[in-house]
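Where a number appears in this text, it was derived from the coordinates with a stated rule and is not lab data. This is a predicted model, so every value here is computed, not measured. Note that each Cβ is placed from the backbone with ideal geometry, even for glycine, and that neighbours are counted across all protein chains shown.
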Amino acid sequence: MEKRQNNVWRMVLGTALIVGMTAHVSAAAKAQKSGKQGATATQKQGTVTQKGTTQKQGMTEDQKQAAMMAQAKKYGTPGKNHEVLKPFVGKWTYTARSWMKPGDKTQESEGTSQNNLVLGGRFLKQEVRGQWNGKPFRGVGYTGYDNVRGEYQSIWMDNMMTGIMRIVGTYDEGSKTIKQSGSFSCPMTGQRDMWFRSEWKASSDSRNTYTAYGKDEKGKEFKSMEITYKRAK
């Protein structure tokens, strides 16, 4: 009886082994066929894409490297979108008015802003010195155009907070305005991500205005800040 059971188990195991090997061979054959079809499709396509760079198949490593460097130069070189920053270059005096909520009492402050193009004209650096609420105010900001993302990007830091404001947007050629939106951590309310949007308009060669908008407790938009810049003489 025991011998008969052992023979039965040997038959079962043998059958399972044969089935497993057959499935493995079949899967390997399908994978090989699929690989050939994929290779054929790639050959018909004639190009391969690596990290955003379209390259012709059959290129040497030196040619691939040259193509990638050419694209890097294209995206890394300032162009017409960076010309938009030039009207804001120079030394300016400013008057700022701000409101914490709709109907709030206006807070006013004055100061100067020195704006320069840096890193080969890629970014506009803004250095602000003034007074706010009776205390010295210092701030630094950068604005640039990202050729890869196709957007204007700005960051702002000052001595009234420890966070970095980040906003992105576009340029409206008709009104000569950089329009952006983003969020920041507000030290006055403790809000981690306070939304706002801004409009920086080059009114003329001697004047530009910066307007910021926030949202009240009901989510309604209101003007929270308006800064008027006049070119210093």
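Listing for the model above:
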| item | result |
| --- | --- |
| Fewest-first sequence of 148, 168, 84 by Cβ atoms within 10 Å of each Cβ | 148, 168, 84 |
| Of the trypsin sites (Lys or Arg not before Pro) in the range 144-185, those whose Cβ has at most 16 other Cβ within 10 Å and which sit in DSSP loop | 149, 176 |
| Fully extended contour minus Cα-Cα distance, from residue 188 to residue 64, at 0.36 nm per residue | 39.4 nm |
| Backbone N under 18 Å from the residue 217 label point (7 Å along Cα→Cβ), restricted to the range 183-203 | 188-192, 194-195 |
| Under the Karplus curve 6.51 cos²θ - 1.76 cosθ + 1.60, θ = phi - 60°, whole-Hz ³J(HN,Hα) for the range 226-233, x wherever Gly or Pro sits | 9, 10, 10, 9, 10, 4, 6, 8 |
| Per residue Cα convex hull volume in Å³ - calculated over the range 97-233 | 135 Å³ |
| The range 104-185: GluC sites (Glu not before Pro) in DSSP loop, at most 14 other beta carbons within 10 Å | 173 |
| Taking 143, 106, 77 and counting other C-beta atoms within 10 Å, the order from fewest to most | 106, 77, 143 |
| Cross-link table 74/176; 64/176; 125/176; 73/179, entries beyond 31 Å C-alpha to C-alpha | 64/176 |
| Rounded FRET efficiency, nearest 0.05, which uses the C-beta distance separating residue 71 from residue 225 and R0 of 41 Å | 0.55 |
